[in-house]
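Readers should treat all values here as calculations from the given coordinates under stated rules, not as data from a laboratory. From a predicted model like this one, the values you see are computed outputs, not experimental measurements. Cβ atoms come from the backbone with ideal geometry, glycine included; neighbour counts cover every protein chain shown.
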């Protein structure tokens, strides 16, 4: 007489883990590591983005209410640059003063003051873009590969289940459905790891695109302040008849 079939409660994650070989457990460990790494990165980048946005808004509020660039420079010297906007301002102000005092003594400082400030601004923008995009490769990798790792685990589990069923000689549905269905848990784990990573990746990319657009607009106005003493784009943003933003140039 054939032995009675295992109850449905006998199958599950615990049974899968107990019956897995070294390959299955290694794949599960990889998925758990991917999940842990992605969640840690999501939490870290989310907090950093919130803090960067809060500090950036505070600095912009101070910048547009300052009466001179000397006041801005004093604030930067006192509290330091703690966000992309203050970082850009600090390097740009230093570039203007450095070129005014030393001129084009090196190839890196060649050209007019406007060209030197422009190169400095571009360098800072590239640095901020690189800093904000750090870690996104990991999220993209987890989102793209975790489902396939889970699928590999499912294929491996189904293979061993079918081999065991074939060796037992029992090919009824109740003997096949349980082990095969249990192997699908690995695919579910892979999807559970990948979905949050993909959602977070898209959210961070969108957030960084908006932040870069704001920083680019500020960089244009800052360059105008440092080279012309006013920001021509301010009237455009404020509408027809809006006053042009002006600040007293920083002392050389």
Check: Put a dot 7 Å past each Cα toward the Cβ at residue 50 and residue 64; how far apart are the dots in nm?
Finding: 2.5
Note to self: Within region 204-230, list the residues whose amide N lies under 16 Å from a label point set 7 Å along Cα→Cβ of residue 138.
What the structure shows: 204-205
Next item on the list: For an R0 of 51 angstrom, estimate the FRET efficiency from the Cβ-Cβ distance between residue 159 and residue 79 and round to the nearest 0.05.
Entry: 0.25
Checklist line | Inter-label distance for residue 126 and residue 26, nm, one decimal - labels placed 7 Å from Cα along Cα-to-Cβ | finding: 4.1
Check: Using 7 Å Cα-to-Cβ label points, what is the residue 33/residue 210 separation (nm, one decimal)?
Finding: 3.5
